[in-house]
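Notes follow once the structure below has been shown.
The values are calculated or read from the model by the stated rules, or taken from the named source; none is laboratory data. Here the structure is a predicted model, which is why all the values come from computation and not from measurement. Cβ sites come from the backbone with ideal geometry, for glycine too, and all protein chains shown count toward neighbours. To get the accessible areas, we keep the full protein, side chains included, count just its heavy atoms, and leave off ligands, DNA and RNA. Shrake-Rupley method; radii C 1.70, N 1.55, O 1.52, S 1.80 Å.
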Amino acid sequence: MSVLVFVELAAGEVKGSSLEAISYGHALGLGEVTALVLGITDERKMTGLGKYGAQKVLYSDDPKLEKGIIQAYASVVAQVFDKVNASVLVFAKSSLGDPVAANVSVKLGASLASNVVELPETRNGFVVKRSIYTGKAFAEVEMQEDKKIIGIKKNAISLKEDGADASVEKVEIDLSDEDFQVQITSEEKASGEILLPEADVVVSGGRGMKGPENWHLIEDLAKSLGAATGCSKPVSDMDWRPHHEHVGQTGLKVAPSLYIAIGISGAIQHLAGVNSSKVIVVINKDAEAPFFKAADYGIVGDAFEVVPKLTEAIKALTN
Amino acid sequence: MKILVCITNVPDTTSRIAFINNDTEFDKSGIQYVIGPYDDFALARAVELKEELGGTVTALNVGEAYGDPVIRKALAIGADDAIRINSFPKDSFFVAKQIAEVVKKGGYDLVLMGRESSDFNGGQVHGMVGEMVGLPVVSPVMKLDIENGKAKIAREIDGGKEFLEVNLPFIAGCQEPIAEWKIPNMRGIMSARTKPLQVLEPVGDETRISLKKFSLPPEKGEVKMIDEDNVEELVQLLKNEAKVI
(Lines give C-alpha, C1' and ligand atoms only; values in the text may rest on other atoms or scores of the structure.)
Protein backbone atom coordinates (compact mmCIF):
# COMPACT_ATOMS: atom_id res chain seq x y z
CA MET A 1 0.00 0.00 0.00
CA SER A 2 1.20 3.50 -0.71
CA VAL A 3 -0.03 7.04 -1.29
CA LEU A 4 0.44 9.05 -4.47
CA VAL A 5 0.24 12.86 -4.43
CA PHE A 6 -0.40 14.85 -7.59
CA VAL A 7 1.84 17.93 -7.40
CA GLU A 8 1.22 21.10 -9.39
CA LEU A 9 3.83 23.66 -10.35
CA ALA A 10 3.35 27.39 -10.86
CA ALA A 11 6.20 29.15 -12.66
CA GLY A 12 8.55 26.29 -11.77
CA GLU A 13 7.68 26.40 -8.06
CA VAL A 14 5.68 23.75 -6.25
CA LYS A 15 2.32 25.25 -5.32
CA GLY A 16 1.66 25.71 -1.60
CA SER A 17 -1.58 23.77 -1.93
CA SER A 18 0.41 20.80 -3.29
CA LEU A 19 2.67 20.94 -0.22
CA GLU A 20 -0.48 20.65 1.88
CA ALA A 21 -1.52 17.66 -0.24
CA ILE A 22 1.84 15.98 0.48
CA SER A 23 1.51 16.60 4.22
CA TYR A 24 -2.04 15.22 4.05
CA GLY A 25 -0.79 12.14 2.19
CA HIS A 26 1.84 11.61 4.89
CA ALA A 27 -0.66 12.06 7.72
CA LEU A 28 -2.89 9.35 6.24
CA GLY A 29 -0.31 6.85 7.49
CA LEU A 30 -1.05 4.45 4.64
CA GLY A 31 2.48 3.71 3.58
CA GLU A 32 5.14 5.35 1.46
CA VAL A 33 4.25 8.74 0.01
CA THR A 34 5.23 9.37 -3.61
CA ALA A 35 4.91 12.86 -5.06
CA LEU A 36 4.35 13.03 -8.82
CA VAL A 37 5.74 16.19 -10.42
CA LEU A 38 4.86 16.91 -14.05
CA GLY A 39 6.67 19.80 -15.70
CA ILE A 40 10.01 21.40 -15.21
CA THR A 41 11.49 22.36 -11.87
CA ASP A 42 14.91 21.88 -10.35
CA GLU A 43 16.08 18.81 -8.50
CA ARG A 44 16.64 20.63 -5.20
CA LYS A 45 12.97 21.64 -5.08
CA MET A 46 11.99 18.02 -5.62
CA THR A 47 14.25 16.52 -2.92
CA GLY A 48 12.86 19.30 -0.68
CA LEU A 49 9.39 17.78 -0.92
CA GLY A 50 10.68 15.26 1.61
CA LYS A 51 10.37 17.92 4.25
CA TYR A 52 6.59 17.92 3.80
CA GLY A 53 6.30 14.15 4.00
CA ALA A 54 7.17 12.64 0.60
CA GLN A 55 9.64 9.75 0.65
CA LYS A 56 9.92 9.57 -3.10
CA VAL A 57 9.47 12.00 -5.96
CA LEU A 58 8.71 10.76 -9.45
CA TYR A 59 8.90 13.35 -12.19
CA SER A 60 8.57 13.73 -15.90
CA ASP A 61 10.16 16.65 -17.71
CA ASP A 62 8.66 15.57 -21.04
CA PRO A 63 8.03 18.93 -22.77
CA LYS A 64 4.63 17.65 -23.86
CA LEU A 65 3.61 17.67 -20.21
CA GLU A 66 4.76 21.20 -19.49
CA LYS A 67 1.21 22.48 -19.93
CA GLY A 68 -1.65 20.98 -18.02
CA ILE A 69 -3.70 19.08 -20.59
CA ILE A 70 -6.41 17.26 -18.66
CA GLN A 71 -6.43 13.96 -20.63
CA ALA A 72 -2.67 13.67 -20.76
CA TYR A 73 -2.24 14.38 -17.06
CA ALA A 74 -5.02 11.94 -16.19
CA SER A 75 -3.38 9.25 -18.24
CA VAL A 76 -0.02 9.81 -16.54
CA VAL A 77 -1.46 9.95 -13.02
CA ALA A 78 -3.39 6.69 -13.54
CA GLN A 79 -0.28 4.93 -14.87
CA VAL A 80 1.89 6.08 -11.98
CA PHE A 81 -0.82 5.17 -9.46
CA ASP A 82 -0.58 1.56 -10.62
CA LYS A 83 3.20 1.68 -10.92
CA VAL A 84 3.70 2.61 -7.25
CA ASN A 85 0.90 0.28 -6.20
CA ALA A 86 -0.96 3.13 -4.53
CA SER A 87 -4.28 2.83 -2.74
CA VAL A 88 -4.90 6.56 -2.29
CA LEU A 89 -4.31 9.55 -4.56
CA VAL A 90 -4.27 12.99 -2.92
CA PHE A 91 -4.55 16.26 -4.83
CA ALA A 92 -5.26 19.89 -3.93
CA LYS A 93 -8.42 21.42 -5.33
CA SER A 94 -7.63 23.55 -8.39
CA SER A 95 -8.94 24.28 -11.84
CA LEU A 96 -6.61 21.57 -13.16
CA GLY A 97 -6.66 19.09 -10.29
CA ASP A 98 -10.46 18.73 -10.27
CA PRO A 99 -11.00 17.54 -13.85
CA VAL A 100 -7.79 15.48 -13.86
CA ALA A 101 -8.88 13.64 -10.70
CA ALA A 102 -12.36 13.03 -12.14
CA ASN A 103 -10.89 11.41 -15.27
CA VAL A 104 -8.49 9.34 -13.19
CA SER A 105 -11.29 8.12 -10.91
CA VAL A 106 -13.06 6.53 -13.89
CA LYS A 107 -9.83 5.03 -15.25
CA LEU A 108 -9.06 3.46 -11.86
CA GLY A 109 -12.57 2.64 -10.69
CA ALA A 110 -11.84 4.72 -7.60
CA SER A 111 -14.03 6.58 -5.12
CA LEU A 112 -13.49 10.33 -5.45
CA ALA A 113 -14.22 12.97 -2.81
CA SER A 114 -13.21 16.60 -3.30
CA ASN A 115 -13.23 19.68 -1.06
CA VAL A 116 -12.18 17.47 1.84
CA VAL A 117 -11.51 19.53 4.96
CA GLU A 118 -9.85 17.13 7.38
CA LEU A 119 -8.20 13.72 7.72
CA PRO A 120 -10.44 10.68 7.21
CA GLU A 121 -12.15 8.79 10.00
CA THR A 122 -11.21 5.14 9.48
CA ARG A 123 -12.56 3.36 12.56
CA ASN A 124 -15.65 2.30 10.68
CA GLY A 125 -15.08 2.37 6.93
CA PHE A 126 -13.20 5.25 5.29
CA VAL A 127 -15.18 8.43 5.90
CA VAL A 128 -14.12 11.93 4.83
CA LYS A 129 -15.72 15.27 5.62
CA ARG A 130 -16.26 17.51 2.62
CA SER A 131 -17.40 21.09 2.31
CA ILE A 132 -20.69 21.45 0.39
CA TYR A 133 -23.28 24.12 -0.44
CA THR A 134 -20.41 26.49 -1.24
CA GLY A 135 -19.05 26.44 2.29
CA LYS A 136 -22.44 26.58 4.03
CA ALA A 137 -22.46 22.92 5.18
CA PHE A 138 -20.46 19.70 5.39
CA ALA A 139 -21.13 16.14 4.30
CA GLU A 140 -19.45 13.10 5.75
CA VAL A 141 -19.17 10.52 3.00
CA GLU A 142 -17.91 6.98 2.94
CA MET A 143 -15.47 6.13 0.16
CA GLN A 144 -16.51 2.60 -0.77
CA GLU A 145 -13.93 1.49 -3.31
CA ASP A 146 -10.50 0.06 -2.51
CA LYS A 147 -8.88 2.80 -4.56
CA LYS A 148 -9.56 6.29 -3.29
CA ILE A 149 -8.96 9.80 -4.58
CA ILE A 150 -9.07 12.68 -2.11
CA GLY A 151 -9.12 16.32 -3.20
CA ILE A 152 -8.32 18.58 -0.29
CA LYS A 153 -9.51 22.10 0.34
CA LYS A 154 -7.00 24.73 1.44
CA ASN A 155 -6.13 24.50 5.16
CA ALA A 156 -7.38 20.89 5.41
CA ILE A 157 -4.15 20.19 7.29
CA SER A 158 -1.26 22.14 8.74
CA LEU A 159 2.00 21.70 6.89
CA LYS A 160 4.47 19.16 8.19
CA GLU A 161 7.96 20.58 7.75
CA ASP A 162 10.39 18.21 9.39
CA GLY A 163 10.93 15.33 6.95
CA ALA A 164 14.20 14.19 5.40
CA ASP A 165 15.07 14.68 1.72
CA ALA A 166 13.08 12.63 -0.74
CA SER A 167 14.63 10.39 -3.38
CA VAL A 168 14.07 11.68 -6.90
CA GLU A 169 13.58 9.54 -9.95
CA LYS A 170 12.44 10.16 -13.50
CA VAL A 171 9.38 8.16 -14.44
CA GLU A 172 8.80 6.57 -17.83
CA ILE A 173 5.32 7.14 -19.17
CA ASP A 174 3.44 6.00 -22.25
CA LEU A 175 1.74 8.91 -23.93
CA SER A 176 -0.60 8.47 -26.87
CA ASP A 177 -1.83 11.03 -29.39
CA GLU A 178 -5.33 10.44 -28.01
CA ASP A 179 -4.22 12.30 -24.89
CA PHE A 180 -3.34 15.42 -26.83
CA GLN A 181 -6.53 16.25 -28.71
CA VAL A 182 -6.67 19.58 -26.90
CA GLN A 183 -4.00 22.00 -28.04
CA ILE A 184 -2.90 24.92 -25.96
CA THR A 185 -2.09 27.85 -28.23
CA SER A 186 -1.13 30.58 -25.76
CA GLU A 187 -1.68 31.94 -22.29
CA GLU A 188 -2.18 35.27 -20.60
CA LYS A 189 -0.92 35.41 -17.07
CA ALA A 190 -0.22 38.16 -14.61
CA SER A 191 3.38 37.70 -13.55
CA GLY A 192 4.80 38.03 -10.09
CA GLU A 193 1.53 38.29 -8.23
CA ILE A 194 0.55 36.00 -5.41
CA LEU A 195 -1.97 33.45 -6.66
CA LEU A 196 -5.38 34.13 -5.22
CA PRO A 197 -6.47 30.50 -4.60
CA GLU A 198 -3.19 29.86 -2.79
CA ALA A 199 -2.96 33.05 -0.74
CA ASP A 200 -3.04 33.00 3.03
CA VAL A 201 -4.14 36.64 3.16
CA VAL A 202 -6.52 38.22 0.63
CA VAL A 203 -7.39 41.90 0.25
CA SER A 204 -10.52 42.43 -1.86
CA GLY A 205 -12.14 45.57 -3.19
CA GLY A 206 -15.71 46.23 -4.28
CA ARG A 207 -17.74 48.95 -5.94
CA GLY A 208 -16.99 51.19 -2.97
CA MET A 209 -13.53 51.70 -4.49
CA LYS A 210 -15.29 53.84 -7.13
CA GLY A 211 -13.02 52.89 -10.05
CA PRO A 212 -10.00 50.89 -11.20
CA GLU A 213 -7.80 53.99 -10.84
CA ASN A 214 -8.09 53.65 -7.05
CA TRP A 215 -6.87 50.05 -6.93
CA HIS A 216 -3.40 51.09 -5.82
CA LEU A 217 -4.91 51.44 -2.32
CA ILE A 218 -5.91 47.77 -2.39
CA GLU A 219 -2.59 46.75 -3.91
CA ASP A 220 -0.52 48.71 -1.38
CA LEU A 221 -2.35 47.12 1.54
CA ALA A 222 -2.00 43.69 -0.07
CA LYS A 223 1.72 44.26 -0.57
CA SER A 224 2.24 45.26 3.06
CA LEU A 225 0.64 41.94 4.10
CA GLY A 226 2.10 39.72 1.38
CA ALA A 227 -1.49 39.20 0.28
CA ALA A 228 -3.23 38.44 -3.00
CA THR A 229 -5.82 40.86 -4.34
CA GLY A 230 -9.41 39.92 -5.09
CA CYS A 231 -12.60 41.70 -6.05
CA SER A 232 -16.39 41.41 -6.01
CA LYS A 233 -18.46 40.31 -9.02
CA PRO A 234 -19.60 43.82 -10.10
CA VAL A 235 -15.96 44.93 -10.17
CA SER A 236 -15.03 42.06 -12.47
CA ASP A 237 -18.22 42.50 -14.56
CA MET A 238 -17.33 46.17 -15.11
CA ASP A 239 -13.80 45.10 -16.12
CA TRP A 240 -12.18 47.13 -13.37
CA ARG A 241 -10.30 43.94 -12.52
CA PRO A 242 -9.70 40.65 -14.41
CA HIS A 243 -12.07 37.74 -13.89
CA HIS A 244 -9.48 35.57 -12.19
CA GLU A 245 -9.68 37.96 -9.22
CA HIS A 246 -13.46 37.57 -8.83
CA VAL A 247 -14.29 36.03 -5.46
CA GLY A 248 -17.81 34.68 -4.91
CA GLN A 249 -20.43 32.10 -5.74
CA THR A 250 -19.62 32.06 -9.45
CA GLY A 251 -15.99 33.11 -9.11
CA LEU A 252 -13.25 31.76 -6.91
CA LYS A 253 -14.02 30.30 -3.52
CA VAL A 254 -11.13 31.24 -1.24
CA ALA A 255 -10.18 30.00 2.21
CA PRO A 256 -7.39 32.27 3.49
CA SER A 257 -6.48 32.82 7.13
CA LEU A 258 -7.35 36.50 6.73
CA TYR A 259 -9.80 38.08 4.27
CA ILE A 260 -10.05 41.86 4.20
CA ALA A 261 -13.07 43.23 2.30
CA ILE A 262 -13.01 46.89 1.37
CA GLY A 263 -16.04 48.68 -0.06
CA ILE A 264 -17.90 45.39 -0.57
CA SER A 265 -21.46 45.36 0.76
CA GLY A 266 -21.51 41.58 1.28
CA ALA A 267 -24.14 40.21 -1.07
CA ILE A 268 -24.88 36.59 -0.30
CA GLN A 269 -23.19 35.57 -3.59
CA HIS A 270 -19.96 37.19 -2.44
CA LEU A 271 -20.17 35.67 1.05
CA ALA A 272 -20.47 32.23 -0.56
CA GLY A 273 -16.94 32.68 -1.89
CA VAL A 274 -15.35 33.76 1.40
CA ASN A 275 -17.20 31.92 4.15
CA SER A 276 -14.36 29.42 4.60
CA SER A 277 -11.93 32.20 5.60
CA LYS A 278 -10.65 31.95 9.19
CA VAL A 279 -10.86 35.67 9.97
CA ILE A 280 -12.81 38.31 8.05
CA VAL A 281 -12.24 42.07 8.32
CA VAL A 282 -14.78 44.42 6.73
CA ILE A 283 -14.16 48.08 5.98
CA ASN A 284 -17.22 49.89 4.68
CA LYS A 285 -18.62 53.37 5.03
CA ASP A 286 -22.16 52.01 5.36
CA ALA A 287 -22.71 50.75 8.91
CA GLU A 288 -25.69 48.75 7.61
CA ALA A 289 -23.64 46.77 5.06
CA PRO A 290 -24.66 43.10 5.49
CA PHE A 291 -21.02 42.03 5.34
CA PHE A 292 -20.49 43.23 8.95
CA LYS A 293 -22.74 40.38 10.14
CA ALA A 294 -20.33 37.84 8.60
CA ALA A 295 -17.19 39.64 9.84
CA ASP A 296 -14.93 39.11 12.82
CA TYR A 297 -13.68 42.70 12.83
CA GLY A 298 -15.25 45.75 11.26
CA ILE A 299 -14.47 49.40 10.67
CA VAL A 300 -17.15 51.83 9.56
CA GLY A 301 -15.34 54.48 7.60
CA ASP A 302 -14.26 55.89 4.28
CA ALA A 303 -11.98 53.39 2.52
CA PHE A 304 -9.98 56.22 0.99
CA GLU A 305 -8.96 57.38 4.47
CA VAL A 306 -8.92 54.11 6.43
CA VAL A 307 -7.01 51.91 3.97
CA PRO A 308 -3.87 54.07 3.65
CA LYS A 309 -3.74 54.40 7.45
CA LEU A 310 -4.08 50.64 7.81
CA THR A 311 -1.31 50.07 5.27
CA GLU A 312 0.98 52.37 7.25
CA ALA A 313 0.11 50.64 10.53
CA ILE A 314 0.89 47.21 9.02
CA LYS A 315 4.18 48.49 7.66
CA ALA A 316 5.06 49.94 11.07
CA LEU A 317 4.41 46.56 12.63
CA THR A 318 6.46 44.55 10.17
CA ASN A 319 9.44 46.93 10.06
CA MET B 1 -25.02 21.50 -34.50
CA LYS B 2 -26.49 19.31 -31.76
CA ILE B 3 -25.76 20.63 -28.30
CA LEU B 4 -26.44 18.88 -25.00
CA VAL B 5 -26.51 21.04 -21.86
CA CYS B 6 -26.54 19.29 -18.50
CA ILE B 7 -28.24 21.25 -15.77
CA THR B 8 -28.46 20.75 -12.03
CA ASN B 9 -31.50 21.63 -9.96
CA VAL B 10 -30.10 23.41 -6.88
CA PRO B 11 -31.30 25.62 -4.04
CA ASP B 12 -31.11 29.33 -4.79
CA THR B 13 -27.94 30.91 -3.35
CA THR B 14 -29.94 32.82 -0.74
CA SER B 15 -31.41 29.59 0.69
CA ARG B 16 -31.05 28.72 4.34
CA ILE B 17 -29.40 25.31 4.43
CA ALA B 18 -30.87 22.83 6.94
CA PHE B 19 -31.07 19.05 7.29
CA ILE B 20 -33.70 16.58 8.49
CA ASN B 21 -33.93 12.85 9.33
CA ASN B 22 -31.02 12.84 11.77
CA ASP B 23 -29.00 15.05 9.44
CA THR B 24 -29.11 12.58 6.57
CA GLU B 25 -31.42 14.48 4.24
CA PHE B 26 -31.54 18.02 2.89
CA ASP B 27 -34.55 20.00 4.11
CA LYS B 28 -36.43 21.02 0.96
CA SER B 29 -39.14 22.96 2.77
CA GLY B 30 -39.34 26.58 1.68
CA ILE B 31 -36.48 26.15 -0.80
CA GLN B 32 -36.60 27.94 -4.12
CA TYR B 33 -34.88 25.76 -6.75
CA VAL B 34 -32.94 27.22 -9.66
CA ILE B 35 -30.75 26.09 -12.56
CA GLY B 36 -27.22 25.69 -11.14
CA PRO B 37 -25.55 29.10 -11.63
CA TYR B 38 -22.65 27.64 -13.61
CA ASP B 39 -25.00 25.47 -15.70
CA ASP B 40 -27.01 28.60 -16.42
CA PHE B 41 -23.92 30.13 -18.07
CA ALA B 42 -23.44 26.96 -20.12
CA LEU B 43 -27.09 27.02 -21.21
CA ALA B 44 -26.90 30.70 -22.19
CA ARG B 45 -23.84 30.05 -24.37
CA ALA B 46 -25.49 26.97 -25.92
CA VAL B 47 -28.53 29.05 -26.92
CA GLU B 48 -26.26 31.74 -28.40
CA LEU B 49 -24.32 29.14 -30.40
CA LYS B 50 -27.58 27.69 -31.71
CA GLU B 51 -28.72 31.15 -32.80
CA GLU B 52 -25.38 31.75 -34.48
CA LEU B 53 -24.78 28.37 -36.14
CA GLY B 54 -28.19 26.69 -36.26
CA GLY B 55 -29.05 23.36 -34.65
CA THR B 56 -30.70 22.25 -31.45
CA VAL B 57 -30.14 22.47 -27.74
CA THR B 58 -31.23 19.61 -25.48
CA ALA B 59 -31.33 20.17 -21.72
CA LEU B 60 -30.54 17.16 -19.53
CA ASN B 61 -31.17 16.81 -15.82
CA VAL B 62 -30.59 13.85 -13.55
CA GLY B 63 -33.15 14.31 -10.80
CA GLU B 64 -36.58 13.71 -9.41
CA ALA B 65 -39.84 15.24 -10.63
CA TYR B 66 -39.60 18.24 -8.29
CA GLY B 67 -36.95 19.55 -10.71
CA ASP B 68 -39.37 19.83 -13.63
CA PRO B 69 -40.06 23.59 -13.17
CA VAL B 70 -36.32 24.21 -13.47
CA ILE B 71 -36.18 22.10 -16.65
CA ARG B 72 -39.14 24.10 -18.03
CA LYS B 73 -37.16 27.24 -17.30
CA ALA B 74 -34.27 25.89 -19.40
CA LEU B 75 -36.77 25.29 -22.20
CA ALA B 76 -38.11 28.83 -21.77
CA ILE B 77 -34.57 30.20 -22.03
CA GLY B 78 -34.14 28.49 -25.38
CA ALA B 79 -33.53 24.74 -25.14
CA ASP B 80 -35.60 22.88 -27.76
CA ASP B 81 -36.28 19.75 -25.79
CA ALA B 82 -35.31 18.15 -22.51
CA ILE B 83 -34.52 14.82 -20.93
CA ARG B 84 -34.87 14.04 -17.24
CA ILE B 85 -33.30 10.88 -15.87
CA ASN B 86 -35.75 9.98 -13.15
CA SER B 87 -33.58 9.42 -10.09
CA PHE B 88 -32.14 11.22 -7.12
CA PRO B 89 -28.59 12.19 -8.16
CA LYS B 90 -26.87 9.78 -5.79
CA ASP B 91 -23.24 10.74 -6.37
CA SER B 92 -21.04 12.19 -9.10
CA PHE B 93 -20.24 8.79 -10.56
CA PHE B 94 -23.91 7.84 -10.81
CA VAL B 95 -24.81 11.17 -12.46
CA ALA B 96 -21.86 10.95 -14.87
CA LYS B 97 -22.93 7.43 -15.85
CA GLN B 98 -26.44 8.64 -16.72
CA ILE B 99 -25.10 11.57 -18.75
CA ALA B 100 -22.58 9.32 -20.53
CA GLU B 101 -25.43 7.06 -21.61
CA VAL B 102 -27.32 9.99 -23.15
CA VAL B 103 -24.14 11.31 -24.80
CA LYS B 104 -23.34 7.91 -26.35
CA LYS B 105 -26.80 7.55 -27.85
CA GLY B 106 -27.39 11.17 -28.83
CA GLY B 107 -24.55 11.93 -31.24
CA TYR B 108 -24.02 15.43 -29.86
CA ASP B 109 -21.45 17.80 -31.32
CA LEU B 110 -20.97 19.57 -28.04
CA VAL B 111 -21.71 18.74 -24.40
CA LEU B 112 -21.76 21.68 -22.00
CA MET B 113 -22.33 21.87 -18.27
CA GLY B 114 -21.30 24.06 -15.36
CA ARG B 115 -17.80 23.71 -13.94
CA GLU B 116 -19.43 22.47 -10.72
CA SER B 117 -22.82 22.28 -9.08
CA SER B 118 -23.50 24.82 -6.35
CA ASP B 119 -24.81 22.19 -3.94
CA PHE B 120 -22.04 19.58 -3.84
CA ASN B 121 -19.34 21.67 -5.54
CA GLY B 122 -17.54 18.53 -6.71
CA GLY B 123 -16.53 19.74 -10.17
CA GLN B 124 -16.20 16.08 -11.14
CA VAL B 125 -19.02 15.16 -13.49
CA HIS B 126 -17.62 16.59 -16.74
CA GLY B 127 -14.27 14.88 -16.20
CA MET B 128 -15.95 11.56 -15.49
CA VAL B 129 -18.27 11.79 -18.50
CA GLY B 130 -15.32 12.58 -20.78
CA GLU B 131 -13.48 9.49 -19.62
CA MET B 132 -16.60 7.30 -19.86
CA VAL B 133 -17.36 8.26 -23.45
CA GLY B 134 -13.77 8.80 -24.59
CA LEU B 135 -14.05 12.50 -25.42
CA PRO B 136 -11.69 15.31 -24.44
CA VAL B 137 -12.70 17.49 -21.48
CA VAL B 138 -11.97 21.18 -21.04
CA SER B 139 -12.75 23.03 -17.80
CA PRO B 140 -13.24 25.70 -16.55
CA VAL B 141 -14.19 27.32 -19.87
CA MET B 142 -14.72 31.09 -19.81
CA LYS B 143 -14.94 31.70 -23.58
CA LEU B 144 -16.11 29.36 -26.32
CA ASP B 145 -16.36 30.00 -30.06
CA ILE B 146 -16.89 27.47 -32.82
CA GLU B 147 -15.37 27.87 -36.26
CA ASN B 148 -15.40 25.15 -38.91
CA GLY B 149 -15.91 22.29 -36.51
CA LYS B 150 -13.17 23.51 -34.21
CA ALA B 151 -13.64 25.17 -30.85
CA LYS B 152 -11.56 28.10 -29.70
CA ILE B 153 -11.57 28.25 -25.95
CA ALA B 154 -10.26 30.36 -23.10
CA ARG B 155 -9.80 28.35 -19.94
CA GLU B 156 -9.25 29.95 -16.55
CA ILE B 157 -5.95 29.04 -14.90
CA ASP B 158 -4.33 30.34 -11.71
CA GLY B 159 -3.68 34.04 -12.22
CA GLY B 160 -4.92 34.24 -15.80
CA LYS B 161 -6.21 32.30 -18.76
CA GLU B 162 -5.05 29.80 -21.31
CA PHE B 163 -6.19 29.67 -24.94
CA LEU B 164 -6.79 26.34 -26.56
CA GLU B 165 -8.26 24.59 -29.55
CA VAL B 166 -10.02 21.29 -29.82
CA ASN B 167 -12.07 19.56 -32.49
CA LEU B 168 -15.74 18.78 -31.87
CA PRO B 169 -17.15 16.83 -30.13
CA PHE B 170 -15.90 17.41 -26.60
CA ILE B 171 -17.13 18.03 -23.06
CA ALA B 172 -16.83 21.43 -21.40
CA GLY B 173 -17.29 22.59 -17.82
CA CYS B 174 -18.33 26.24 -18.11
CA GLN B 175 -18.17 29.37 -15.98
CA GLU B 176 -18.59 33.10 -16.49
CA PRO B 177 -18.01 35.19 -18.51
CA ILE B 178 -18.79 32.64 -21.25
CA ALA B 179 -22.20 34.31 -21.69
CA GLU B 180 -24.65 36.47 -19.77
CA TRP B 181 -27.42 34.66 -17.93
CA LYS B 182 -30.62 34.76 -19.97
CA ILE B 183 -33.98 35.68 -18.49
CA PRO B 184 -36.85 33.91 -20.26
CA ASN B 185 -39.32 36.17 -22.05
CA MET B 186 -43.08 35.63 -22.20
CA ARG B 187 -42.92 33.88 -25.58
CA GLY B 188 -40.24 31.55 -24.25
CA ILE B 189 -42.30 30.75 -21.16
CA MET B 190 -45.40 30.01 -23.25
CA SER B 191 -43.57 27.80 -25.74
CA ALA B 192 -41.74 25.92 -22.95
CA ARG B 193 -45.04 24.41 -21.84
CA THR B 194 -45.38 22.39 -25.02
CA LYS B 195 -41.74 21.55 -25.73
CA PRO B 196 -40.97 17.84 -25.26
CA LEU B 197 -39.66 16.69 -21.88
CA GLN B 198 -38.72 13.03 -22.01
CA VAL B 199 -38.47 11.16 -18.72
CA LEU B 200 -36.14 8.15 -18.77
CA GLU B 201 -35.33 5.62 -16.08
CA PRO B 202 -31.70 5.49 -14.87
CA VAL B 203 -29.12 3.01 -16.07
CA GLY B 204 -27.90 0.93 -13.13
CA ASP B 205 -27.56 2.19 -9.59
CA GLU B 206 -23.83 1.98 -9.01
CA THR B 207 -22.29 4.61 -6.73
CA ARG B 208 -18.78 5.09 -5.39
CA ILE B 209 -19.36 7.22 -2.34
CA SER B 210 -22.24 7.18 0.10
CA LEU B 211 -23.52 9.81 2.45
CA LYS B 212 -23.23 9.26 6.18
CA LYS B 213 -24.29 12.56 7.64
CA PHE B 214 -24.62 16.30 7.00
CA SER B 215 -23.55 19.04 9.39
CA LEU B 216 -23.48 22.82 9.59
CA PRO B 217 -20.47 24.99 10.44
CA PRO B 218 -20.39 26.62 13.88
CA GLU B 219 -22.16 29.98 14.17
CA LYS B 220 -19.95 33.00 13.62
CA GLY B 221 -19.36 35.08 16.78
CA GLU B 222 -20.27 38.77 17.09
CA VAL B 223 -18.32 41.22 14.97
CA LYS B 224 -15.90 43.41 16.92
CA MET B 225 -16.16 47.01 15.73
CA ILE B 226 -13.11 49.24 15.74
CA ASP B 227 -13.07 53.02 15.46
CA GLU B 228 -11.96 54.33 12.08
CA ASP B 229 -9.39 56.57 13.76
CA ASN B 230 -7.82 53.65 15.54
CA VAL B 231 -6.59 51.28 12.85
CA GLU B 232 -3.61 50.40 15.09
CA GLU B 233 -6.07 48.58 17.35
CA LEU B 234 -7.18 46.43 14.40
CA VAL B 235 -3.56 45.59 13.61
CA GLN B 236 -2.95 44.59 17.26
CA LEU B 237 -6.07 42.41 17.30
CA LEU B 238 -5.11 40.67 14.06
CA LYS B 239 -1.65 40.04 15.45
CA ASN B 240 -2.33 39.15 19.08
CA GLU B 241 -5.94 37.95 19.23
CA ALA B 242 -6.63 36.39 15.84
CA LYS B 243 -2.94 35.62 15.21
CA VAL B 244 -3.29 35.88 11.45
CA ILE B 245 -0.56 38.43 10.67
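What to note about this one:
- On Cα atoms only, tilt of A:303-318 relative to the major axis of chain A in degrees: 60 degrees
- Note on the protein assembly as shown: antiparallel DSSP beta bridges, both residues inside, total approximately 35 percent of the bridges counted.
- Relative compactness, the protein assembly as shown, computed as alpha-carbon Rg over 2.2 N^0.38 Å: 0.95
- Sorting B:Arg208, B:Arg16 by solvent-accessible area of protein heavy atoms yields B:Arg16, B:Arg208, largest first, with a 1.4 Å probe.
- Note on segment A:196-318: Rg/Rh from Cα positions, Kirkwood definition for Rh, rounded to two decimals, is 0.92.
- Stokes-Einstein diffusion coefficient of chain B, Kirkwood radius over Cα pairs, 4 °C, 1.567 mPa s, in µm²/s: 66 µm²/s
- Estimated dipole of chain B in Debye, rounded to 20 [Cβ of Lys and Arg +1, of Asp and Glu -1, Cα centre]: 960 debye
- Only aspartates and glutamates eight or more places from B:Lys97 in sequence, or on another chain, were considered; those with a Cα closer than 15 Å are B:Glu131, B:Glu201, B:Asp205, B:Glu206.
- Nearest-ten-degree value, helix A:16-27 long axis tilted from longest Cα axis of chain A: 50 degrees
- Surface composition of segment B:113-245: carbon and sulfur make up 51 percent of the accessible area, probe 1.4 Å.
- Helical segments meeting 18 Å axial Cα length and Kyte-Doolittle -0.5 threshold in chain B (DSSP H): B:37-53, B:92-106
- GNM top mover of A:Leu271, A:Leu252, A:Leu96 - chain A, alpha-carbon springs below 10 Å: A:Leu96
- Under 5 Å between amide hydrogens, built in the peptide plane, is the criterion, and for B:Lys143 it picks out B:Ala154 among residues at least 5 positions away or on other chains.
- Cα-based helix-to-principal-axis angle, A:97-108 vs chain A, degrees rounded to 10: 20 degrees
- Treating each Cα of chain A as an identical point scatterer and summing with the Debye formula, the log10 of I(q)/I(0) at q = 0.07, 0.14 Å⁻¹ comes to -0.31, -1.09.
- The magnitude of the dipole of the protein assembly as shown, with charges of +1 and -1 set on the Cβ of Lys/Arg and Asp/Glu and taken from the Cα centre, is near 1020 debye.
- Karplus 3J(HN,Hα) series, Hz, for segment A:247-256 with 6.51 cos²θ - 1.76 cosθ + 1.60 (x for Gly, Pro): 9, x, 3, 9, x, 7, 9, 10, 9, x
- Gaussian network model of chain A, springs between alpha carbon atoms under 10 Å - residue of A:Val90, A:Val33, A:Val235 with greatest fluctuation: A:Val235
- Summed buried accessible area for A+B [probe radius 1.4 Å, Å², rounded to 100]: 7200 Å²
- Residue of B:Lys220, B:Lys182, B:Lys104 that the Gaussian network model of chain B assigns the largest fluctuation, springs spanning Cα pairs under 10 Å: B:Lys220
- Whole-Hz Karplus values for segment B:159-170 come out as x, x, 9, 10, 9, 9, 10, 8, 6, 6, x, 7 Hz, taken residue by residue from phi with 6.51 cos²θ - 1.76 cosθ + 1.60 and θ = phi - 60°; glycine and proline positions read x.
- Quotient of C-alpha Rg and 2.2 N^0.38 Å, computed over segment A:90-160: 1.06
- Test item: Cα-centred dipole of segment A:2-180, Lys/Arg +1 and Asp/Glu -1 on Cβ, debye: 640 debye
- Cα-based equivalent ellipsoid of segment A:2-180: semi-axis lengths in Å, sorted from largest, via gyration tensor: 24, 19, 15
- Neighbours of A:Glu13 by Cβ distance under 13 Å: Lys/Arg scored +1, Asp/Glu scored -1, total -1.
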